[in-house]
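Remarks on the structure that follows.
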């Protein structure tokens, strides 16, 4: 923590706010933010454990109960019939990243209440770069959680081909950025930590259950055309499918386009929301002043 702060302060002290920044200075800033988030994650062991407990409960208890009942037929990207536990693995991976994105938004709300966020945002670096660095740091943390989950799942003979562990990395980065940007956008409208639980339930569970994480979309379409339409327009569905296809060395181009588009939309909205001259934070400040 002290190393990250000293790196940031050394850069700020040598930078003229009215001049440009060198690539080295940008790199030091990014390194400091990523290092700070990594240390916070390592010091919060319960956060790492809880990130693994949720998907493992679904995988070893819920999926085991339906192992013989909910076999999945041959659908892309699978070349043969698969067990239900193997089908939901990509959805559980995306769930890890979804919860991590919400956890990152919680940390931003906490930092804003404690004053740490103000220290970060008043630095001479562009605000969009600071927010993007925060997003990259959160995504890096989610990658550690995902690969730890895949390692544990491998001991139960659940996992992709060996090459899938490498090919999934770009998909994990894109989905992590999208879900992290969504969490960052949500953090701009949460006023107090006490409101986080309600927003979390309102966002996470509808996104997770109204997706292809737990059941194929063709089965959803047969039972409820309306729910099928909701699932198709759910960005989380496309994050799951992007990960699913990447695990088996394939690309779902539609999901790739949706994830990239939503990432850009959520990130631009978050940058505007954290802009002191406009956005949600500015409007809340005006409302407080009027009161």
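The values are calculated or read from the model by the stated rules, or taken from the named source; none is laboratory data. This one's a predicted model, so the numbers in the text were calculated from it and none came from an experiment. Neighbour counts run over all protein chains shown; Cβ positions are idealised from the backbone, glycine included.
Yes or no: residue 255 in a loop (DSSP other than H, G, I, E, B) and surrounded by 17 or more Cβ atoms within 10 Å (Cβ to Cβ)?
Considered against the rule, which asks whether it is in a loop (DSSP other than H, G, I, E, B) and surrounded by 17 or more Cβ atoms within 10 Å (Cβ to Cβ), residue 255 comes out as no.
Is region 206-221 home to any residue that is part of a helix (DSSP H, G or I) and either closer than 25 Å to residue 131 by Cα or under 14 Å from the mean Cα position of the chain (by Cα) (or both)?
Yes: one or more hits.
Tell me yes or no: at least one residue of region 238-252 is on the phi < 0 side of the Ramachandran plot, surrounded by fewer than 18 Cβ atoms within 10 Å (Cβ to Cβ), part of a helix (DSSP H, G or I) and in contact with a helix residue (DSSP H, G or I) (Cβ under 7 Å, 6 or more places away or on another chain).
Initially, region 238-252 is screened for residues on the phi < 0 side of the Ramachandran plot, giving 238-248, 250-252.
Now restrict to residues that are surrounded by fewer than 18 Cβ atoms within 10 Å (Cβ to Cβ): 248, 250-251.
Subsequent filtering for residues that are part of a helix (DSSP H, G or I) retains none.
Among the residues of region 238-252, not one is on the phi < 0 side of the Ramachandran plot, surrounded by fewer than 18 Cβ atoms within 10 Å (Cβ to Cβ), part of a helix (DSSP H, G or I) and in contact with a helix residue (DSSP H, G or I) (Cβ under 7 Å, 6 or more places away or on another chain), which makes the answer no.
Any residue at all in region 54-72 that's in contact with a strand residue (DSSP E or B) (Cβ under 8 Å, 6 or more places away or on another chain), buried (at least 16 other Cβ atoms within 10 Å of the Cβ) and modelled with pLDDT under 85? Give the derivation first.
Of the residues in region 54-72, the ones in contact with a strand residue (DSSP E or B) (Cβ under 8 Å, 6 or more places away or on another chain) are 71-72.
Then drop every residue that is not buried (at least 16 other Cβ atoms within 10 Å of the Cβ), which leaves 72.
So of that shortlist, the ones also modelled with pLDDT under 85 come out as 72.
For region 54-72, residues in contact with a strand residue (DSSP E or B) (Cβ under 8 Å, 6 or more places away or on another chain), buried (at least 16 other Cβ atoms within 10 Å of the Cβ) and modelled with pLDDT under 85: present.
Counting just the residues of region 118-132 that are within 17 Å of residue 180 (Cβ to Cβ) and at pLDDT 75 or above, which one comes out farthest from the chain's Cα centre (by Cα)?
127
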